[in-house]
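A short write-up of the structure that comes next.
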Amino acid sequence: MAPEIRAVILKKLCLDEKETICCVSGESIAVEAAIAVRRGHVVAVEYKPGDRQTMEENVVRFGLNNVLIVDDMESYSHRWPVPDVAFLVASPKLELELQTLVRVNPKIRVVIYTLEFSFMSRIPGMLWENGIQPTEVMQLEVSKVGRKDEIEVQPAPWIFSGQAGQE
């Protein structure tokens with residue numbers, strides 16, 4: 001993920017230093033969020049063992065003591081901090097993840113990242129079905145000048161934002 005896209009995502013999360021964020025399959029966002037919410041918490045959900053190991057290494061490398069790394073979101077534990085906001089990378093588990101987040105915090109804010117058209121077209125419906133009002137959708141494109149003075153286009157993700165519990 002391009003650093004410019006990470007910066008926009010972090011801005012969309014509107015993090016307060018005391019908040020708790022749940023990051024699902026977004027290890028680079030989880031690390032930057034942990035730095036931003038020094039007095040808050042990060043619940044980092046990493047399904048893949050390699051991603052979980054990288055997250056563990058980054059926690060040590062950056063001296064982060066406010067990160068809880070878990071490998072499953074389906075049974076969100078009452079012992080875990082309740083998230084104020086969530087960042088999710090869209091996957092086949094997105095519907096279940098949204099249901100779980102709204103059950104844990106009926107007023108949660110969400111930011112969803114996807115590069116896949118099949119998810120992009122279904123996300124608004126998933127948000128509405130889970131009581132999350134979509135607040136913004138954007139597509140970000142970053143291009144850079146390459147070595148041969150050619151434009152190199154980076155992947156252009158779709159970013160969805162929403163707020164649960166709004167009437």
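The values are calculated or read from the model by the stated rules, or taken from the named source; none is laboratory data. Quick caveat, the model's predicted, so the values are computed rather than measured. Methodologically, a virtual Cβ is constructed for each residue, glycine included, from the backbone with ideal geometry; neighbour enumeration extends over all protein chains shown.
Yes or no, residue by residue, for (1) part of a loop (DSSP other than H, G, I, E, B); (2) at pLDDT 95 or above:
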{"position": "Met1", "(1), (2)": "yes, no"}
{"position": "Cys22", "(1), (2)": "no, yes"}
{"position": "Glu32", "(1), (2)": "no, no"}
{"position": "Ile35", "(1), (2)": "no, no"}
{"position": "Arg39", "(1), (2)": "yes, no"}
{"position": "Tyr47", "(1), (2)": "yes, no"}
{"position": "Asp51", "(1), (2)": "no, no"}
{"position": "Met55", "(1), (2)": "no, no"}
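Taking (1) closer than 22 Å to Met1 by Cα; (2) within 13 Å of the chain's Cα centre (by Cα); (3) not in a strand (DSSP E or B) in turn, Ser118 satisfies each apart from (2).
Scanning segment 144-159 for residues that are assigned to a strand (DSSP E or B), closer than 15 Å to Ala7 by Cα and not β-branched (Val, Ile, Thr) gives a single hit, Trp158. Within this structure, Leu64 fails the test of being within 16 Å of the chain's Cα centre (by Cα) and surrounded by 12 or more Cβ atoms within 10 Å (Cβ to Cβ). Against the condition touching a residue at least 12 places away in the same chain (Cβ under 8 Å), within 19 Å of Ala164 (Cα to Cα), in contact with a Gly (Cβ under 8 Å, 6 or more places away or on another chain) and not in a loop (DSSP other than H, G, I, E, B), how does Gln99 come out, does it pass? No.
Considering the conditions (1) in contact with an Asp or Glu (Cβ under 6 Å, 6 or more places away or on another chain); (2) in a strand (DSSP E or B), Gln133 is excluded by exactly one of them, (1). It is to be established whether one or more residues within segment 61-79 are under 22 Å from Ser91 (Cα atoms), touching a strand residue (DSSP E or B) at 6+ places or on another chain (Cβ under 7 Å) and either among the hydroxyl-bearing types (Ser, Thr, Tyr) or in a helix (DSSP H, G or I) (or both). No, segment 61-79 contains no residue that is under 22 Å from Ser91 (Cα atoms), touching a strand residue (DSSP E or B) at 6+ places or on another chain (Cβ under 7 Å) and either among the hydroxyl-bearing types (Ser, Thr, Tyr) or in a helix (DSSP H, G or I) (or both).
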